[in-house]
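Here is the structure we will look at.
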Amino acid sequence: MEFKISMKELEPGLQQVEFTAVQAEVEKERNALAREVSGMVQVPGFRKGKAPLGMVLKKYSDHIKSEMDRRVMEQAYKEVSEKDDFKFVSVNVPEGEELNVEYDKDLVFRLNFDMEPEFELPEYKGIKIDVPVPEVEEEKIEAEIAQMKEMYATYENITDASVEGDMLKVSYTSDLELPEGSSPSITRLAASEENWVWLNEPEMMPGVIAALTGKAKDDEFEFTSEYPADYREAELAGKTVKYNGKVLEVQRRKPLEDEAELIKRAGVEDMDALKSSIIERLNQQGMQEVREKQAEAVVEVIEKAVGKLVLPPNMLKGEVENQLQSLRQAKKDEEVDADKLQKEAEKNAVKELTRSFILAKIAEKEDIKVTESEMDMQMNMMSRYYGMKGNELKAAMSKSGRINELAFSMMQAKTRQFLVDQADTGEEKAEAK
């Protein structure tokens, strides 16, 4: 089926394309489709492919119409996609203009295309940037050693009053009446002859931290828990429960103090070797941070040289919504002005899309792609978080379409690092000195 095509700009970045096919072409396409259907189905009283066309059109009208709609849209999409000077990023049917193929008149329908912004890339290689490499200070090394001592800490019994972070062994009962067959986790919340309670969030029972802070071994306690209506255990949701009990033990976390034991635990020869390994690790972390800052600096230079882009309006609208959601989540505990939040989201969306288009154009020019092995490696790393095998996660993301988003994000990250590799960071001069 051939279309006559006309275009008009609805607004900057948004083109509307009108497709027209004469009635005879539409009917010809429908009849060809009906003959295909006739050859695939068995109509009673006729051999495959021999049933009258009118009978096939009537009996399989719903299928033929659905397939015609699909083919019309596919052909329309193909025709504009093949135009070298028509680069779009998304397409949608205008509101209230759903495709409806009829066979007794010319077919006319419209599609709206979000257009890829047109711009020239500036010189993006050899950009001079100055991002200082942080030195590993002695304070950072000592802080790392202190953290390791905390990591290897042990809990020891004490006779002092408990404070935040302590661990208490307690026995307790409550006035909670549980139905028969309650789960062990619910039963433990009702009463226990011996249970451990940590004096830090999240609380085991509402109010238990305040009730037990300051208690010592053999002290008795009582408190009331107000379980919220949305509590994770339905049997306790919205209930008020009175507890009373006794502290059996108080244990306090004691950091490892013996340097010889620390050296042994770390698997090194001495403290000098431990400090060297810490310095090496901090240097690696520092260089990762530096490269991210370098990438940011390079992209900022390119972004400034490119200037303001005419961004696809529908894509921009969607990105503003994404940014709004992120900002609301990040500031959920703050009082925020709705107008200020909207403006911040709009500013972030423009920046995000502008950079996205710039990096995509550089990636296309430099043929930067995500390889199959890189994707598999990423899947294997992500699979640990999701608790799935790498190939299972890849299949699930492919089915949902999210794998394309991931591939695009990985390609953009590779492009940022490519720009850093091509930049003038002054590192070679520093090494030469």
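The values are calculated or read from the model by the stated rules, or taken from the named source; none is laboratory data. Since this is a predicted model, take the numbers as computed values, not measurements. Note: ideal-geometry Cβ built from the backbone for every residue, glycine included; neighbour counts use all protein chains shown. Each accessible area value is taken on the protein alone, full model and side chains, heavy atoms only, with ligands, DNA and RNA left out. Shrake-Rupley method; radii C 1.70, N 1.55, O 1.52, S 1.80 Å.
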**Item:** Å² of accessible area per residue within segment 1-113, as computed with a 1.4 Å probe and no ligands counted
**Value:** 62 Å²
**Item:** Whole-Å distance, taken between Cα centres, linking segment 309-359 and segment 250-308
**Value:** 32 Å
**Item:** Those lysines that a straight Cα-Cα span of less than 24 Å connects to K217, excepting residues fewer than 8 apart in one chain
**Value:** K169, K242, K246, K254
**Prompt:** What lysines sit close enough to K59 to cross-link, taking a C-alpha to C-alpha distance under 16 Å and skipping anything fewer than 8 places away on the same chain?
**Reply:** K48, K50
**Request:** Would you mind checking K331/K414; K293/K332; K8/K304; K28/K105; K128/K414 for any pair whose Cα atoms are more than 21 angstrom apart?
**Result:** K331/K414; K293/K332; K8/K304
**Asked** What are the trypsin sites (Lys or Arg not before Pro) within segment 1-55 that DSSP puts in a loop, where the Cβ has at most 12 other Cβ atoms within 10 Å?
**Response** R47, K48, K50
**Request:** Could you calculate, for segment 276-433, the ratio of the Cα radius of gyration to the Kirkwood radius, expressed as Rg to Rh?
**Result:** 1.02
**Item:** Ratio of the Cα radius of gyration of segment 183-311 to 2.2 N^0.38 Å, where N counts its residues
**Value:** 1.90
**Asked** Going by the alpha-carbon gyration tensor, a ≥ b ≥ c the square roots of its eigenvalues, is segment 235-362 rounded (a/c under 1.5) or, if a/c is not under 1.5, prolate (a/b greater than b/c) versus oblate?
**Response** oblate
**Item:** Rg/Rh ratio calculated on Cα atoms of segment 1-111 (Kirkwood radius)
**Value:** 1.07
**Asked** So what does F113 come to for accessible area, using a 1.4 Å probe and Å² rounded to 10?
**Response** 0 Å²
**Message:** Just the number please: accessible area per residue for segment 359-433, 1.4 Å probe, all protein chains included, in Å².
**Reply:** 68 Å²
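For segment 206-285, which GluC sites (Glu not before Pro) pass both filters: DSSP loop (anything but H, G, I, E, B) and at most 12 other C-beta atoms within 10 Å?
E257, E269
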**Request:** Determine the relative contact order of segment 123-246: mean sequence separation of Cα pairs under 8 Å and six or more apart, normalised by residue count, in whole percent.
**Result:** 24 percent
**Request:** Let me have the relative contact order for the chain, percent, based on Cα pairs under 8 Å that are six or more residues apart.
**Result:** 17 percent
**Asked** Based on Cβ point charges of +1 for Lys and Arg and -1 for Asp and Glu, what charge dipole magnitude is obtained for the chain about its Cα centre, in debye rounded to the nearest 20?
**Response** 2360 debye
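Treat every Asp and Glu Cβ in segment 163-283 as -1 and every Lys and Arg Cβ as +1, leave all other atoms uncharged, and give the resulting dipole magnitude about the Cα centre to the nearest 20 debye.
The dipole of segment 163-283 has a size of about 60 debye.
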**Carbon + sulfur, % of accessible area of the chain - ligands and nucleic acids excluded, 1.4 Å** = 48 percent
**Prompt:** Are there GluC sites (Glu not before Pro) in segment 44-91 that DSSP marks as loop and that have at most 11 other Cβ atoms within 10 Å, and which are they?
**Reply:** E82
**Request:** Work from the charge dipole of the chain (Cβ charges, +1 for Lys and Arg, -1 for Asp and Glu, about the Cα centre) and give the residue of V268, L33, A297 farthest towards its positive end.
**Result:** L33
**Message:** Taking 8 Å as the Cα distance limit and 6 or more residues as the minimum spacing, I'd like the relative contact order of segment 332-426 as a percentage.
**Reply:** 29 percent
**Request:** Work out the charge dipole of the chain with +1 on the Cβ of Lys and Arg and -1 on the Cβ of Asp and Glu about the Cα centre, then indicate which of G54, F221, L10 is farthest towards its positive end.
**Result:** G54
